[in-house]
Amino acid sequence: MKAINDFIASLLPYTEWPMFLLLIGGGIFLVIYSKFLPYRFFGHAIAITAGKYDDKNAEGDVSSFQALSAAVAATVGLGNISGVAIAIHDGGPGVVFWIWMTAIIGMCIKFYSCSLAIMFRTTDKDGKLQGGPMFYITKGLGPKAKPLAIFFAVCGLFGFLGVFTANQFTETFMSVVEPSRTLFEMSEMNWKWTVGIVLAIITSFVIFGGLNKIAKVASALVPFMVGVYLVAVVIVMVLNSSQILPSLMMIITEAWNFKTVVTGGFWGLVIIGIRRAMFSNEAGLGSAPMYHGQSKTDNPIKEGLVAMLGPFIDTILVCSFTAIVIILSGAYLEDSSGIVMTLSAFETTLFGWGDDLLMIIVTAFALSTLFTYSYYGVKCLSFLTTPKIGKFYNWYFVIMIVFAAVASLELVKNLIDLSYALMVIPNMIAVLLLAPKVNVAANEYFSKLKDGRT
């Protein structure tokens, strides 16, 4: 494992500039090119999600709300609870500011990419509707761009593994339950193997049931678990209200700390922010378009507007609340990283039982993320082979859950960071080249909306 980690870590620096230029540079271009459209129609996006503009005769497998819930289930998860803690551990409180900036730009990227997912969706060899980067690359850019789509799908075979989630769930279980002391005396490594195997079995029951089962489970779990988590965070913030403003001030002042202790200085701080934001909301990554490509909708722009709510929910709201709790509790000064830091923050601020509550929330987050991520990987393998062979990805996915339970946080984090950075390259190239088509469709949609024809 150490050899694998060292190899992956040596490749990561080479992905920083392409990721920065395409995600931030490309994202800023889209914000200006759209004339701030996603932000101006934020209220309209909420109305679409609520089902006000649903067309019952539209093609697709799931409702816009279910697609958003499934995509948010894959993004509002341990990336928001432990990913923020990792970011603060690696870069200090100032890194949160760069997470915000990336998320605001990410809303626009998601609007374009998920509009494209509907615009260029197609049917696979089984006659089922499919949407996502592989399809808008090949259909939108033409057959010559197929190598880009293949590159994306190959990277997705690694990027869409549930390794980070399985790893952080195991850490939470070991830290809160202390199974050797409270359940059964066994070595720590044996307990990790046990947790990994149990988690893999539970995940198997859902992921072998297909998309509709995933969408139903996700749309039931997501609103509830996000609600419980936000209530817990709000209680912490009310009890420590005098610390909220100083915490926010620390985030903003530390964001511009050019003498930062982060490896790579200020540039390192920005890169950590971008990586963790991308890990949190997946804007630019190309995963959400795979879910939104299945939506029952008659219009790509409507779906793009629904999708852009994702980064707002999981990063601007959930990540910010997590960061404030970690900072005001003082947990960020400890040497722990990942979920252990967040657990410490909740235990300190919620009368000693906050870590138990977080354990319950993390369980729900972890399961919903594992249920949804497997679907992305199946789509990648199906694109590279056939839908029949694509289903075998689930077996590989389940085996890797067990591997992740015993792996180090560093290895899991580096594997995801490398896969994500590589996936951004083909996806953002396609989104930028196809953006004019989205603008044409948007002008048409909003003129119809103005005339009351939609």
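Starting from the residue with the highest accessible area, list His89, His292, His44 in decreasing order, probe 1.4 Å.
Values: His89 75, His292 0, His44 25 Å².
The ranking, largest first, comes out as His89, His44, His292.
In plain terms, the chain from Val234 to Asn257 could stretch by 5.4 nm, reckoned as 0.36 nm per residue minus the Cα-Cα distance.
Applying a threshold of 28 Å to the alpha-carbon distances of Lys2/Lys388; Lys296/Lys379; Lys296/Lys450; Lys35/Lys146; Lys192/Lys413; Lys35/Lys450 flags Lys2/Lys388; Lys35/Lys146 as lying beyond it.
In percent, how large is the relative contact order of the chain, given Cα pairs closer than 8 Å and 6 or more residues apart? Here the relative contact order equals 37 percent.
For Leu239, the solvent-accessible surface with a 1.4 Å probe is about 90 Å², rounded to the nearest 10.
Its alpha carbons considered, the range 328-454 gives a radius of gyration followed by a Dmax of 21.6, 59 Å. The listed residues Lys52, Lys448, Lys192 rank as Lys52, Lys448, Lys192 when sorted by accessible area, largest first, using a 1.4 Å probe.
For the range 299-372, count the residues as N, evaluate 2.2 N^0.38 Å, and divide the Cα radius of gyration by that value, please. Present the calculation step by step, with values, prior to reporting the outcome.
Details: Rg = 15.5 Å, N = 74, 2.2 N^0.38 = 11.3 Å.
Ratio of Cα Rg to 2.2 N^0.38 Å: 1.37.
Only helices enter the 222 nm calculation for the chain: every DSSP H run of n ≥ 4 contributes -39,500 (n - 2.57), and dividing by all residues gives -22500 deg cm²/dmol, rounded to 500.
Given a Förster radius of 22 Å and the C-beta distance between Leu11 and Trp395 as r, what FRET efficiency does 1/(1 + (r/R0)^6) yield to the nearest 0.05?
Values: r = 27 Å, r/R0 = 1.23.
So the FRET efficiency works out to roughly 0.20.
Among the protein heavy atoms, those of Glu178 account for about 80 Å² of accessible surface (1.4 Å probe, every chain in place).
Considering every alpha-carbon pair of the chain, the percent of pairs per 10 Å bin, from zero through the bin containing the longest distance, is 4, 22, 33, 27, 11, 2, 0.
Rounded to the nearest 10 square angstrom, Asp90 shows an accessible area of 50 square angstrom against a 1.4 Å probe.
Too long at a 24 Å Cα-Cα cut-off: which of Lys52/Lys448; Lys52/Lys437; Lys52/Lys128? Distance filter (> 24 Å) returns Lys52/Lys437; Lys52/Lys128. The accessible-area ordering, largest first, of the residues Val340, Val325 stands as Val340, Val325, per a 1.4 angstrom probe. The string of couplings for the range 164-170 from the Karplus curve (6.51, -1.76, 1.60, θ = phi - 60°) is 5, 4, 4, 5, 6, 5, 4 Hz, one whole number per residue in order, with x for Gly and Pro. Note on the range 379-454 and the range 93-159: Cα centroid distance 5 Å, given to the nearest whole angstrom.
The values are calculated or read from the model by the stated rules, or taken from the named source; none is laboratory data. Treat the numbers as computed from the prediction; the structure is a model and nothing was measured. With ideal geometry, Cβ positions are generated from the backbone for all residues, glycine too; neighbour counts draw on all protein chains shown. Heads up: the accessible areas ignore ligands, DNA and RNA and are worked out on the full protein's heavy atoms, side chains in. Shrake-Rupley method; radii C 1.70, N 1.55, O 1.52, S 1.80 Å.
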